[in-house]
2 protein chains.
Amino acid sequence: MSLLLVSKNRNLKPYKEALLELDPNLDVDIWPGIQNKERVQFAVAWRHPANLFDGFPNLKVISSLGAGVDHLLSDNTIPDDIQFTRIVAPSLSGQLADYVLTAVLNIIRKTDRYLDQQRRAIWRPLDSIKKDAIAVGVMGLGAIGEKTATRLRDNGFNVNGWSKSQKQIDGVNCYRKDQLGSFLAQTNIIICLLPLTPETEGILDLELFKSLKKPSFLINVARGGHLVEEDLIYALDTDLISHATLDVFSEEPLPESHPFWGRDKITITPHIASVTDPKESAELILENYKRMLSGMDLLHQVDREAGY
Amino acid sequence: MSLLLVSKNRNLKPYKEALLELDPNLDVDIWPGIQNKERVQFAVAWRHPANLFDGFPNLKVISSLGAGVDHLLSDNTIPDDIQFTRIVAPSLSGQLADYVLTAVLNIIRKTDRYLDQQRRAIWRPLDSIKKDAIAVGVMGLGAIGEKTATRLRDNGFNVNGWSKSQKQIDGVNCYRKDQLGSFLAQTNIIICLLPLTPETEGILDLELFKSLKKPSFLINVARGGHLVEEDLIYALDTDLISHATLDVFSEEPLPESHPFWGRDKITITPHIASVTDPKESAELILENYKRMLSGMDLLHQVDREAGY
């Protein structure tokens, strides 16, 4: 039996080391250095090469290395009987909540404009946006979305939440799927934390931007595929959206020639809102690996039909 | 009886309007339009002209328009029998706590460096600073300092506090005056919220910077006079301090030729960390004005000897 770690763009050595520290008897391969394909029963994947998982006759489980599983769901060559799981780590949701809180605070305190004034040695106080004059709206109320919503609430913001099924969160106005219009009409700062599925792809479009309360702001920390990029450009140019903070993009790294780079109404970060910690991840991976070996139910199973 | 509003650099009309809305019978003058000097018993001042308060025979109280009173204490021409008070408004401490939280989050998330990379279309993830690897330290634990310390604590930071007298705040390691060395040795991000007094003037100097835990960062939201500016330049140049966020300066507006403007290790804002709200201030001013008329003790009296 062996455990395989796969990624085209991540250094997986710290993950292997963390796993072996927890259990020195583990047999861990890092792609492409696979000793014996028939021994692999459990894989951990982040941006794996296409068709890779078609050749492992005894593979039972693939765990995403993060919270998102769209990279697994979109690969039709993975056999149907392979179970998907994901990593739901407290530090991931904490980091995401921090990133969003930072972005929201920078929006209301106009950090970007002060930095621009500083570059030109201009001393000019600007009106800040009062917390009680606006509301933030979190799309997606899973573990990460709920943590983000409650952190914003605890910091004095009016918080709306929108999710597929009705949720109940203290001090958060929760809307369900068919109430999107009411949710948007009450929201100034829209925060996307949705899973990427055929249903949510392109949800951040011109129609949505038009439905938001003014002034409107966008924070996307989910996936680039949620956003219709040309609609955002149009919305910024016409002041439908005052500012966008983006951590994810349809193509990553964002190409040097992409029009987003040069816009002062867009704040870009290179997909760093949350980064999995090898030690914390290793514990969660090992737990599920042992559960698989014992035939127990896995933690954080993914419903391949629902898409998350 | 009349109430006088004085400031060289603030528009006081909204304050007069807010006062008259609360009590239409009030007699409110805005400097320099004073109808009768002998009628003035209560003044509200922010950066008043020198010597102004020497010519009001019936003046009993001067309230600062903010939390700081150094502009009153440093004016030796104000008669000794005039009582000083200040405005302690919940929104002031909330705004300050927000400003500091924003600055701390931007430090650990390296916002400035990402904005710089964005300007050059560079996609490069950087290691963030982990919350549990550092501690913040709040100097001054009055109403604003305590609010700031608890907000940082509630957002998952390790928080130290330092004050003249020993304080007890849940989840905050409180040090008293003679424990400055231990406080600094345990603090990475130093946050100055002290009143400006002869004792605290120039406290943010090279010796203090050297005593901080590395990496070290400075946030000054108190007064420009707390900081020895040339010591900060030296500390930044020698990496004793990694970054400074400054909202206050010895000369405001900060002169266009000042060396702080051009430094990418300094973030400058134009004294906007907290701005008094006319409506909220008017209520507090009126309360003390009525207390004075009735001969009651005033709220938020200033100990002219202690300096706050």
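The values are calculated or read from the model by the stated rules, or taken from the named source; none is laboratory data. No experiment lies behind these values; they were computed from the predicted model shown. All Cβ positions, even for glycine, are placed from backbone atoms using ideal geometry, and neighbour counts span all protein chains on display. Please note that ligands, DNA and RNA were not included when accessible areas were found on the heavy atoms of the full protein model with its side chains. Shrake-Rupley method; radii C 1.70, N 1.55, O 1.52, S 1.80 Å.
In percent, what relative contact order does chain A have, based on Cα pairs under 8 Å that are 6 or more apart in sequence? Across chain A, relative contact order equals 17 percent.
Excluding residues fewer than 8 places away in the same chain, name every one of the aspartates and glutamates whose C-alpha is closer than 12 Å to that of residue B:265. List returned: B:112, B:116, B:237, B:239. Within the full protein context, the accessible area of residue A:113 is estimated at about 130 Å² for a probe radius of 1.4 Å. Rg then Dmax, both in Å and based on the Cα atoms of region A:1-64: 11.0, 31. Summed over the residues of region A:185-308 and divided among them, the accessible surface reaches 44 Å² per residue at a probe radius of 1.4 Å.
Please list, in chain and number order, the residues 5+ apart from residue B:69 or on another chain whose amide H is under 5 Å from its amide H, with Hs placed from the backbone. Correct list: B:196. Annotation: amide H-H contacts under 5 Å for residue B:161 (H modelled 1.01 Å from N, sequence separation of 5 or more, or interchain): B:138, B:173, B:174, B:175.
Take the alpha carbon atoms of the protein assembly as shown, find their radius of gyration, then divide it by 2.2 N^0.38 Å using N residues; give the quotient. Can you show the working numbers first?
Numbers: Rg = 28.2 Å, N = 616, 2.2 N^0.38 = 25.3 Å.
Rounded to two decimals, the normalised Rg is 1.11.
In terms of overall dimensions, the C-alpha atoms belonging to chain A reach 64, 43, 32 Å along their principal axes, ordered largest to smallest. Counting Cβ atoms of other protein chains within 10 Å of each residue's Cβ and taking the mean over peptide B:251-257 gives 2. Helices in chain A that qualify as membrane-span-like (whole DSSP H runs, Cα extent of at least 15 Å along the helix axis, mean Kyte-Doolittle hydropathy of 0.5 or higher) are A:90-108.
Total buried accessible area between B and A, probe 1.4 Å, nearest 100: 3400 Å². For region A:114-145, heavy-atom accessible area (probe 1.4 Å) falls by no less than 40 Å² from the chain alone to the full protein assembly at A:114, A:115, A:118, A:119, A:121, A:123. Here's the list of lysines a cross-link from residue A:167 could span, going by alpha-carbon distance under 22 Å and ignoring same-chain residues fewer than 8 apart: A:147, A:177.
Quantify how much of the Cα-Cα distance distribution of region B:90-268 extends past 25 Å, in percent. When every Cα pair of region B:90-268 is considered, 29 percent fall beyond 25 Å.
For residue B:245, the residues whose modelled amide H falls within less than 5 Å of its own, excluding neighbours fewer than 5 places apart on the same chain, are B:218, B:219, B:220, B:267. Sequentially through region A:33-48, phi angles give Karplus couplings (6.51, -1.76, 1.60; θ = phi - 60°) of x, 9, 6, 8, 4, 6, 7, 6, 10, 9, 10, 10, 10, 9, 6, 7 Hz, Gly and Pro residues having no value and appearing as x. Checked against a 21 Å cut-off, the cross-linked pairs A:110/B:13; A:16/A:290; A:214/B:13 give Cα-Cα distances beyond that limit for A:110/B:13; A:214/B:13. Each of B:135, B:150, B:163 was scored by the projection of its Cα onto the charge dipole of region B:134-202, and the greatest displacement toward the positive side belongs to B:150; charges sit on the C-beta of Lys, Arg, Asp and Glu.
Cβ under 12 Å from residue A:84's Cβ, residue A:84 left aside: what net charge do those residues give with Lys, Arg +1 and Asp, Glu -1? Mind dumping the intermediate values first?
Working: positive: A:60, A:86, A:304; negative: A:70, A:75, A:80, A:81, A:303, A:305.
Cβ neighbours under 12 Å give a net charge of -3.
Within region B:194-260, report the GluC sites (Glu not before Pro) that DSSP leaves as loop and that have at most 13 other Cβ atoms within 10 Å. Before the final figure, lay out the partial values.
Working: sites: B:199, B:201, B:207, B:229, B:230, B:251, B:256; in loops: B:199, B:201, B:251, B:256.
For GluC sites (Glu not before Pro) across region B:194-260 that sit outside H, G, I, E and B with at most 13 neighbouring Cβ atoms in 10 Å, the list reads B:199, B:251, B:256.
Comparing mean-square fluctuations of A:19, A:52, A:240 from a GNM of chain A with C-alpha springs under 10 Å, the top value falls on A:52. Return the carbon/sulfur percentage of the accessible area of region B:90-268, one whole number, probe 1.4 Å, all protein chains in place. Using a 1.4 Å probe with all protein chains present, region B:90-268 comes out at 48 percent carbon and sulfur.
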